[in-house]
Amino acid sequence: HASVGTAVPVTLIPGDGIGPEVTNAAKRVLEAAGARIEWHEHIAGKQVFLAGNRTGVPQETLDSIASTRVALKGPLETPIGYGGKSANVTLRKLFETYGNTRPARTIPGIATPFSHRNIDMVVVRENVEDLYAGIEHMQTPGVAQCLKLISQKGCEKISRLAFEVARAEGRRTVTCVTKANIMKLTEGMLKRTFEAVATEYPDIEAQYMLVDNCAHQLVRSPESFDVLVTTNMNGDILSDLVSGLVGGLGIAPGANLGKHAAIFEAVHGTAPDIAGQDKANPTATLLSAVMMLRHLGQFEVADKVDKAVALTLEKGPRTGDISGDQPPCGTQAFTDAVIANLG
Ligand code: ATP
Ligand code: MG
């Protein structure tokens, strides 16, 4: 395959558990598809913690991401008893990846209770504020308190990101989802800021919805959603719900976007129950790599990989998590099939 143009440096972190298997699949498929990428492979996660580094991410890995500004990573494990915080939190804080985007769309061939619906949406979740600062204390011996921090800056950045995602993908509507009727100051801050930012994007329709109603509507009429933007905890819950609508963890891709870097990774974790057994579904990582290719402006290669993955999922063979009553295939065999379907 002829590669046109110069290769772009990208940091590759294989990660833990099934990470090396699924990231290797992505590397093979992107290479076969003619992606113009120069991989800079670095470690993070379990082995780094075990070697005594309490952040889980060595300096050379941080330096690499700081210079490439783009990474594809596998899931990372924080061994119990090591490190104050997870390696993922270290990366998120250092590179200020304030936005987590998770696209979800109906994939022909994957059986779910929603298979007959035409789902195609993106959840944009604020990823550094809200209740996730982990600031908790006991008010009295019987009463615990957790701080919910929401800044106007944070609301502005995540709102703008949602509209930019909509524009970049030719989408029509952005729906802001909050619990502003109860938490008027914190959740209300996103609602008010969103409405102000929306005026800068007259080409895109801005909608607003309460989160409980949104959960209900996502199940009743998932095809009516386009881009959702929401605070950290609402987003945590809704994005898992949305992944579930279209087929689960094995196929759910994601991106962590920030000022200093864009880090692409599957939604799933290390899956220790199937690690090293050639059983993992690499689709989530392959689709994360497709998002990365689009981020890099390599649209043709992205479309090629996207189509090959869709075709493979439709025709089979499929990995055990989504094979239904068909015999499952391994990670490698699935990857070979995707490469054969690059066309
Ligand atoms: P972590 O603590 O690392 O987030 P977790 O326990 O939250 O991990 P996962 O590691 O994502 O969850 O796994 C949950 C279940 O989904 C496991 O049974 C796992 O085998 C399965 N699973 C996750 N990812 C995949 C995949 N890519 N292919 C097949 N099965 C998967
Ligand atoms: Mg998990």
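The values are calculated or read from the model by the stated rules, or taken from the named source; none is laboratory data. Worth saying up front: this structure is predicted, and the values here are computed from it rather than measured. Here the Cβ positions follow ideal geometry from the backbone for every residue, glycine too, while neighbour counts run over all protein chains shown.
Some observations on this one:
- Meets criteria (within 14 Å of ligand 1 (Cβ to nearest atom), surrounded by fewer than 16 Cβ atoms within 10 Å (Cβ to Cβ) and at pLDDT 95 or above) for GLY276: yes
- Total residues in segment 260-273, condition small (Gly, Ala, Ser), within 11 Å of ligand 1 (Cβ to nearest atom) and part of a loop (DSSP other than H, G, I, E, B): 2
- Taken over segment 199-235, the criterion of being in contact (Cβ under 8 Å) with a residue 24 or more places away in the chain, part of a helix (DSSP H, G or I) and either more than 19 Å from HIS116 (Cβ to Cβ) or in contact with a Cys (Cβ under 8 Å, 6 or more places away or on another chain) (or both) is satisfied by VAL211, ASP212, CYS214, ALA215, ASN232, MET233, ASN234, GLY235.
- Residue within segment 179-191 that is touching a Gly at 6+ places or on another chain (Cβ under 9 Å), under 19 Å from GLU156 (Cβ atoms), part of a loop (DSSP other than H, G, I, E, B) and of a type outside the set (D, E, K, R) present: yes
- Test result for GLY34, within 14 Å of ligand 1 (Cβ to nearest atom), more than 17 Å from ARG92 (Cα to Cα) and at pLDDT 95 or above: no
- Matching option when the condition is surrounded by 22 or more Cβ atoms within 10 Å (Cβ to Cβ), in contact with a Phe, Trp or Tyr (Cβ under 7 Å, 6 or more places away or on another chain) and under 30 Å from PRO327 (Cα atoms), among PRO317, PRO282: PRO282
- The listed residue being among the charged types (D, E, K, R) and within 13 Å of ASN232 (Cα to Cα), out of GLU164, GLU187, GLU156, GLU169: GLU187
- Of the residues making up segment 296-321, just one is in contact with a Lys or Arg (Cβ under 6 Å, 6 or more places away or on another chain) and in a helix (DSSP H, G or I), namely ALA302.
- Note on segment 224-241: residues that are within 16 Å of ligand 1 (Cβ to nearest atom) and buried (at least 22 other Cβ atoms within 10 Å of the Cβ) total 1.
- Within the set LEU342, LEU293, the sole residue that is under 18 Å from ASN24 (Cβ atoms), modelled with pLDDT of 95 or more, more than 15 Å from ligand 1 (Cβ to nearest atom) and not in a helix (DSSP H, G or I) turns out to be LEU342.
- The residues of segment 242-259 that are within 14 Å of ligand 1 (Cβ to nearest atom), in a helix (DSSP H, G or I) and touching a helix residue (DSSP H, G or I) at 6+ places or on another chain (Cβ under 9 Å), listed by number, are SER243, LEU249, GLY250, ILE251.
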